[in-house]
Amino acid sequence: MASVAEVWRYPVKSMAGERLDSCEMAETGLVGDRRWALVDGSPNRAGKPLTIREDEQLMTYRARLGSRGVEVVTPGGEVVGMDGVLVSRLAAESSRPLTLRELEGANFDDSPVLLVNLASVAAFGVTAGMRVDHRRFRANLYVNGLAPEEEIAWIGRRVDVGEAELEVVSRCERCVVITKDPDTRVTTPELLRVLTQTQETCMGVYCRVTRPGRVAAGDHVDLV
């Protein structure tokens, strides 16, 4: 039986996120997920979110939602607010003019929920000849109890996850971000090459929320 192994939220797009025991799921995805984004003001990228592709150092900052709003743990372990001071610091580090955008549901690359099957990640690791940390894929829901690639057959169908219902809409095409170790940032370029050769560069499935509700680690995942 399939179940939720881990729940993750990323309050600031492209920063490291927070693993949760549970989270409310709204129509816009997990509440607070990617609610904030750093917007690039460079001439060739004006108005586009700053991502790990442009500045991998974003991975060394960890965002979380606290009682006073979003907090960021810096690479040095300092806890700071997501404010103008931090934005200026990040702009200096990236050598880009940056502004902060706060808009629930507007900072996604595609659909608001990303689900990854841990068995598919493990099988990919075997093919790649190395252990692959599932966090490379930055999913909201990591699911176990499935066969490798079983989630692909869910496209076009709906699944119950805890109190919520999701419609699986498409596979998630990956980019160079998966080649970077989430802890060390060491790059393994061959991972993207192997994924392209064996999985059409895809890992995980995008979902939209058809019934809001709370989801938690341990919840069953059932086809409707």
Original post:
Over the chain, what is the mean sequence separation of C-alpha contacts under 8 Å (at least six apart), divided by residue count, expressed as relative contact order in percent?
Top reply: 28
Subject >> Cβ-based charge dipole, the chain, positive-most Cα from 177, 144, 46 >> reply: 46
Subject >> In Å, descending, principal axis extents of the Cα set of the range 125-224 >> reply: 38, 26, 21
Original post:
Dipole magnitude of the chain about its Cα centre, charges +1 at Lys/Arg Cβ and -1 at Asp/Glu Cβ only, in debye to the nearest 20?
Top reply: 520
Original post:
Once every DSSP H run of n ≥ 4 in the chain is given -39500 (n - 2.57) and the sum is divided by its residues, what mean residue ellipticity at 222 nm do you get, rounded to the nearest 500 deg cm²/dmol?
Top reply: -4500 deg cm²/dmol
Original post:
Rounded to the nearest 20 Debye, what is the dipole magnitude of the range 91-187 about its Cα centre when Lys and Arg each give +1 and Asp and Glu each give -1 at the C-beta?
Top reply: 460
Original post:
Which angle from 0 to 90°, rounded to the nearest 10, does the C-alpha axis of helix 118-128 make with the longest principal axis of the chain?
Top reply: 80
Original post:
Going out from 0 in 10 Å bins, what whole percent of all Cα-Cα distances in the chain drops into each bin?
Top reply: 8, 34, 36, 20, 3, 0
**OP:** Report the full-extension gain for the segment residue 92 to residue 183: residue separation times 0.36 nm, less the Cα-Cα distance, to one decimal in nm.
**Re:** 30.5 nm
Original post:
So which trypsin sites (Lys or Arg not before Pro) in the range 106-152 end up in coil per DSSP with only 16 or fewer other C-beta atoms within 10 Å?
Top reply: 131
Original post:
Once the Cα atoms of helix 84-94 and of the chain are each reduced to a long axis, what angle between those two axes, in degrees from 0 to 90 to the nearest 10, is obtained?
Top reply: 80
**OP:** Please work out, to two decimal places, the log10 of the ratio I(q)/I(0) at q = 0.13, 0.16, 0.32 Å⁻¹ from a Debye calculation in which every Cα of the range 126-174 carries one identical scatterer.
**Re:** -0.39, -0.58, -1.43
Subject >> Between the range 35-99 and the range 105-175, the alpha-carbon center distance in angstrom >> reply: 26
**OP:** Please state, as a whole number in µm²/s, the translational diffusion coefficient that the Stokes-Einstein equation yields for the range 44-149 at 25 °C and 0.890 mPa s, with Rh defined as the Kirkwood radius across alpha carbon pairs.
**Re:** 149
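Quick note: the coordinates plus some simple rules give every number you see, no bench work behind them. Note that the structure is predicted; figures quoted are calculated from it, not measured. Please note: Cβ atoms are built from the backbone with ideal geometry, for glycine as well, and neighbour counts cover all protein chains shown.
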